[in-house]
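For reference, the structure discussed in these notes is given below.
The values are calculated or read from the model by the stated rules, or taken from the named source; none is laboratory data. Since we're looking at a predicted model, the values are computed, not measured. Cβ placement follows ideal geometry from the backbone for every residue including glycine, while neighbour counts extend to all protein chains displayed. What goes into the accessible areas is simple: the full protein's heavy atoms, side chains included, and nothing from ligands, DNA or RNA. Shrake-Rupley method; radii C 1.70, N 1.55, O 1.52, S 1.80 Å.
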Amino acid sequence: MKKGIIPAVTGLVAGVLASTVFFASTDVGPRSDANTSSTTKTNAEKVYVPFGEQDEYYLFASGGHSGQMFIYGVPSMRHIRTVPVFSQDSATGWGWSKESLELLGDYTWGDLHHPAFSETNGDYDGKWMFATDVANSRAAVMDLKTFTVKDIIEVPNTSGPHCAMFVTENTEYMFLPTRFSVPLGSAYASLDEYSSKYYGVMSAVQFDEEKEKLSIAWQVALPPWSYDLSDAGKGPSHGWAVVTTYNTEEATTNLEINASQADRDFIVLFNWKELEKMVAEGQYEEVNGQKIIFPSKHKGGIYLVPVAKSPHGVDVTPDGTRFIASGKLAPALTVFSFEKAFKAIENQEFSGEKYGIPILNYESVMEREVNPENALGPLHTQFDDKGMAYTTMFISSEIVKWDPNTGETLDRVPVQYSPGHSVAAEGDTVSPDGKYIVALNKIAKDSYLSVGPSHPESMQLIDLSGPKMEVIQSAPVNPEPHYAQMIKADKIKTIEVYDKDPNNPYAVYSQDQTRIERKGNEVHVYGIAMRSKFIFDAKAKRPDVIEVNEGDKVFVHLTNIDFDEDITHGFAINQYNLNIEVQPGQTSTVEFTANKAGTYPLYCTNFCSALHQEMSGYLLVKPKN
Ligand code: K7E
Ligand code: CUA
């Protein structure tokens, strides 16, 4: 790649060329950061956050098949933290502590696609972050007071909830339709019986804020198609949700060719208020412990809208009046009207049905088809504060700004390269901020220092405040930011330390409560971590030593009694493949079987004080004989 098209240095080139061909000839070419007036900030100034000051927005980027969430600051685009969600992370002990293992179960990785904030009245409330795992059909919730995961559930009867998470206006539900169709409960069934035995399932997941628990309210057994993306209605479309489909051909092999035969696939319209009512009235069947609605029997809550083949994203406008489908294989976006859809349902303007689900007349619901010239591969759409739409074009590597009211193309900006999603500031709320949008690019090519044949993905920050979109910053990112959420930083209120928990039977807050208890071959250590030592039993000759017998089941309950912000301790046992962390005030447990006799140093893995190196001890495992 020529240096000249890296946005960060475009300014140097553009400064020279500003008055020439680039800007006279087209509005698609590289952007200039040359100032229009001497009071305008340069691009470097726009993204510079001096030491001691903080970013205006948090960006939560999905970590894809890393199973993690990446936290960035905007506009600096500095990576602040990686939070493990569905995958093990030894830096934080996620996947080693007993608490995290209870949530992760036997899975050690996940594929996190779409993060979503909890909402109140259609606005991000800064309390919770939700995410799903396409690989192992799980849903998770992260507490934004601590940036730690509080619950993970596996969703039965489904496989690959790619369409999620998209939350409703008051976090009533998160809908999880699946990418893959499987027989209910993943039972065996020949692929020759695909059409009769396989289902795509949409799960309505709820979150109990008090108990910090996720649960499945009900499910819908959909036709055996692939479901791709969804969004929840807002305002006038509150109570509704939309989902794209592909492979309505029901191909069972060679999908690359066979799933793209038909000219049309569908958008599924859900009336979730109606579905909720049906469940309350007992219109469902119980399968594998779940309440499942079968639309062929339980009618009236689901409709199909034809759309150009193999759509990918579908996005509801902030005012909730329209939903916009992106046709990844067609050069077109289709704008649909909720009002028209409601009328068509009322007047039964149907053109047929599939699996007992009525198909609405395309013309009755469609408002306009939009084809920005030469723009190819529309995937996902975001919005600004004026209701203007920004669509990522995967194939032509750009973001196109356009007016959903007229279909008119307003601006275009090239990004490097192949954007999947983009995310706008407060983008999924009823009132996006309109200040920034970040392109989540699949391919960075040579934008950054080489790390070998595989290159990082790239996130590019685009300034929306001027007359033209302008790329003003770029940051490498680990695979794979499918989607992200951008929230005003002051909406998130983190805690400084964990409060003492008098109800936690494993917590000890003073040295004289520390003890090692044996019950048969179970050993419970009630210990503390403090600058700069471990105390497992203050009364013992060597308080920082744990001595057990080979074969013992050992539980180390460790409380960090440094009630000081940022004083985190780690706890690792050499050669036992164990490491957990305890944040200030937190109690955490690690459980293991002492199946290797011998002498094993244990130590604090977080650099916590000048005497951090001294924060160590021993695990002594006495041989059986
Ligand atoms: Cu388009 Cu999983 Cu939202 Cu990737 S998905 S891009
Ligand atoms: Cu505690 Cu290092």
>> Using a Cα-Cα cut-off of under 18 Å, which lysines could be cross-linked to Lys435, ignoring same-chain neighbours fewer than 8 residues away?
In response: Lys41, Lys46, Lys386, Lys401, Lys468, Lys488, Lys491
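Checking a compactness column here: for segment 306-375, what do you get for Rg(Cα) / (2.2 N^0.38 Å), N being the number of residues? Provide the component values of the computation, followed by the final result.
Values: Rg = 12.7 Å, N = 70, 2.2 N^0.38 = 11.1 Å.
Relative to the 2.2 N^0.38 Å estimate, segment 306-375 comes out at 1.15.
First compute the accessible area of segment 511-622 with a 1.4 Å probe, then give the percent of it belonging to carbon and sulfur atoms. Write out the running numbers ahead of the final one.
Values: 2240 of 5080 Å².
Its accessible area is 44 percent carbon and sulfur atoms.
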> If exposed GluC sites (Glu not before Pro) are those in a DSSP loop with at most 14 other Cβ within 10 Å, what is the longest stretch of the chain that has none?
Replying inline: 54-208
> Roughly speaking, to the nearest percent, how much of segment 25-177's 1.4 Å accessible area is carbon and sulfur?
Replying inline: 50 percent
> List the lysines whose alpha-carbon lies under 19 Å from that of Lys541, not counting same-chain residues fewer than 8 positions away?
Replying inline: Lys533, Lys622
> Quick one: helix 7-17 against the long Cα principal axis of the chain, what's the angle to the nearest 10°, folded into 0 to 90?
Replying inline: 40 degrees
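Starting from 0.36 nm per residue, how many nanometres of slack lie between Glu346 and Asn521 once their C-alpha separation is accounted for?
Between Glu346 and Asn521, full extension yields 56.1 nm more.
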>> Run lengths n ≥ 4 of DSSP H only: what is the helix-derived mean residue ellipticity at 222 nm for the chain, with -39500 (n - 2.57) per run over all residues, to the nearest 500?
In response: -2000 deg cm²/dmol
> Calculated FRET efficiency, Arg264 and Glu212, Cβ-Cβ r, R0 41 Å, to nearest 0.05?
Replying inline: 0.45
> Quick one: of the DSSP bridges fully inside the chain, what percent are antiparallel, nearest 5?
Replying inline: 90 percent
>> Using Stokes-Einstein with the Kirkwood hydrodynamic radius over Cα pairs, what translational diffusion coefficient do you get for segment 511-622 at 4 °C and a viscosity of 1.567 mPa s, in µm²/s rounded to a whole number?
In response: 94 µm²/s
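If you count the DSSP beta bridges with both ends in segment 511-622, what percent of them are antiparallel, to the nearest 5? Don't skip to the end; give the middle numbers.
Details: 28 of 41 bridges.
Counting DSSP beta bridges with both partners in segment 511-622, the antiparallel share is about 70 percent.
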> Solvent-accessible area per residue for the chain at a 1.4 Å probe radius, Å²?
Replying inline: 42 Å²
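Give me the number: length gained by fully extending Lys468 to Arg78, i.e. 0.36 nm times residue separation minus the C-alpha to C-alpha distance, one decimal in nm.
Values: separation 390, 0.36 × 390 = 140.40 nm, distance 2.43 nm.
The span from Lys468 to Arg78 would gain 138.0 nm if fully extended.
Counting only protein heavy atoms, what percent of the accessible surface of segment 251-359 is carbon or sulfur at a 1.4 Å probe?
Details: 2190 of 4720 Å².
Result for segment 251-359: 46 percent of the exposed heavy-atom area is carbon or sulfur.
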> Is the chain rounded, prolate or oblate when judged by the Cα gyration tensor, a ≥ b ≥ c being the square roots of its eigenvalues, rounded requiring a/c under 1.5 and prolate requiring a/b larger than b/c?
Replying inline: oblate
